[in-house]
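Trainee: Structure below; questions to follow.
The values are calculated or read from the model by the stated rules, or taken from the named source; none is laboratory data. The structure presented is a predicted model; accordingly, all values stated were derived computationally and were not measured. For neighbour counting, all protein chains shown are included, and Cβ atoms are generated from backbone atoms with ideal geometry for every residue, glycine included. Please note that ligands, DNA and RNA were not included when accessible areas were found on the heavy atoms of the full protein model with its side chains. Shrake-Rupley method; radii C 1.70, N 1.55, O 1.52, S 1.80 Å.
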Amino acid sequence: MRPATDDTSARQHPGEPSPVPGRGGNRTSRPASKHVAEIDGHLVDLLNRSTQELRLAWRELHRTGPPQGLSRDLLIRALAHQLQERAAGGANRALQRRLQTLAGEFAKNSRSFDPALVLKVGATLVRQWRGHAHTVLVRDDGFEYEGQHYRSLTVIAERITGAHWSGPRFFGLTKRTGASVSAEAGE
């Protein structure tokens, strides 16, 4: 049995916050600040606005009207996102560049468009070609194959095969379209 303690500072009564800083009873609690309260007030204000007022807010924010058929719920969500993004500072430059690249690929209707495909530094790509395994190391500034640095997988694929190949396709990083699959099956 434990001895009774007379130190009342160690006791916590039910329903009271923890005396240890950062260890409050509510795990989602954040430090209250005037800024967060202000943003929360703006978000509640969006819910209380009419659809016409929400469309006006969209027009003020984007300098154009909202897309046709955009529901009230989506208007509120989009405006709330903008408020929160402005308060938090938005996406960093690397993410903005990546999104621009993906948008460009999508706009070109590229067959190799795959937003999930991002090679991580240190990854190893292996391809069997004519009985030999070819290994490529992904580096932050390109690729390494047989101790040499390359900026492109296509150059490595050409070196391996002796013919022009799409490097990402050669290493199995892109999806084939139906036409290219049937063309290769006929060869």
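Residues are listed down the side, and each one gets a yes or a no for (1) in contact (Cβ under 8 Å) with a residue 24 or more places away in the chain; (2) open to solvent by 70 Å² or more (accessible area, probe 1.4 Å); (3) outside any loop (DSSP other than H, G, I, E, B):
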position: LEU83; (1), (2), (3): yes, no, yes
position: GLY90; (1), (2), (3): no, no, no
position: LEU99; (1), (2), (3): no, yes, yes
position: GLY104; (1), (2), (3): no, no, yes
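Trainee: Give me a count of the residues in segment 123-132 that are open to solvent by 50 Å² or more (accessible area, probe 1.4 Å) and of a type in the set (Gly, Ala, Ser).
Mentor: The total comes to 1.
Trainee: Same structure again: Answer yes or no: is there a residue in segment 43-64 that is surrounded by 12 or more Cβ atoms within 10 Å (Cβ to Cβ), touching a Leu at 6+ places or on another chain (Cβ under 8 Å) and part of a loop (DSSP other than H, G, I, E, B).
Mentor: No: zero hits.
Trainee: When you check LEU79 against the structure, is it closer than 30 Å to GLN52 by Cβ, touching a His at 6+ places or on another chain (Cβ under 7 Å) and open to solvent by less than 80 Å² (accessible area, probe 1.4 Å), yes or no?
Mentor: When the stated conditions are applied, LEU79 does not pass them.
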